[in-house]
Amino acid sequence: MSKLFKPKKDFTPWYLTTGLVLALLIGIQYISAVPDAGFWIAIGGIFLFFNVLFFLTFTTTSYKITGTDFKYRCLFLFGTIDINKIHKLEIGRALWVGTKPATGRNGVIIYYNKYDEIYISPENNDDFVRSIQEINPAIELIYHKPSS
């Protein structure tokens, strides 16, 4: 049995980064009289770098259940978790620190082993939870009201 889950795609970080870069550009333009061409090339390079990074993150993120293993991948983050070692899922919540191979908000925090946790953002949390529970029905589920 193998099941693939698409990630939720939230463009808020892209909007925030773009807004920050534009505010920085306007601020620097206001402070300096006439920045040279090298400055604009550097700013364009930084802007391009962040856009490519976001694009690659959105296109490489995936979640897959294969047998009793849960596999995740997001750009440079990837790994495998034995579903039988998962003891708790928090649904509709975000993890502020730690491993987050995710592209959206209000996802699922997976607690496994003794102290390990990871945040993922499948497109459909309920479908993901059902698939995990089919393999390990002893998992504790904690539902949270999603934030807007």
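The values are calculated or read from the model by the stated rules, or taken from the named source; none is laboratory data. Treat the numbers as computed from the prediction; the structure is a model and nothing was measured. As a convention, Cβ positions derive from the backbone with ideal geometry for all residues, glycine included, and neighbour counts pool all protein chains shown. Note: accessible area is taken over every heavy atom of the protein model, side chains too, but ligands, DNA and RNA are not part of it. Shrake-Rupley method; radii C 1.70, N 1.55, O 1.52, S 1.80 Å.
Here are a few things to note about the model shown:
- For the criterion of being open to solvent by less than 60 Å² (accessible area, probe 1.4 Å) and either without any contact (Cβ under 8 Å) to a residue 24 or more places away in the chain or within 21 Å of Leu4 (Cβ to Cβ) (or both), Gly67 passes.
- Cross-chain or 6+ apart pairs with Cβ under 7 Å, the range 72-90 first and closer than 14 Å to Ser121 by Cα and modelled with pLDDT under 95, then among the polar types (S, T, N, Q) and crowded, with 19+ Cβ neighbours inside 10 Å: Cys74/Thr57; Cys74/Thr61
- Strands (runs of 3 or more DSSP E) contained entirely in the range 57-148, each with at least 2 residues that are touching a strand residue (DSSP E or B) at 6+ places or on another chain (Cβ under 8 Å) and of a type in the set (Phe, Trp, Tyr): 69-74, 107-112
- Across the range 96-115, the qualifying residues are those that are in contact (Cβ under 8 Å) with a residue 24 or more places away in the chain and more than 10 Å from the chain's Cα centre (by Cα), and the one among them that is most open to solvent (accessible area, probe 1.4 Å) is Asn113.
- Subset of the range 1-60 (residues that are open to solvent by less than 100 Å² (accessible area, probe 1.4 Å), among the aliphatic types (A, V, I, L, M) and modelled with pLDDT under 80): Val21, Leu22, Leu24, Leu25, Ile28, Ala33, Ala37, Ala42, Ile43
- Search result, residues across the range 72-95 that are of a type outside the set (A, V, I, L, M, F, W, C) and either closer than 24 Å to Leu53 by Cα or open to solvent by less than 20 Å² (accessible area, probe 1.4 Å) (or both): Tyr72, Arg73, Gly79, Thr80, Glu90, Gly92
- Taking (1) more than 17 Å from Tyr72 (Cα to Cα); (2) of a type in the set (Val, Ile, Thr); (3) out of contact with any helix residue (DSSP H, G or I) (no Cβ under 9 Å at 6 or more places or on another chain) in turn, Ile139 satisfies each apart from (3).
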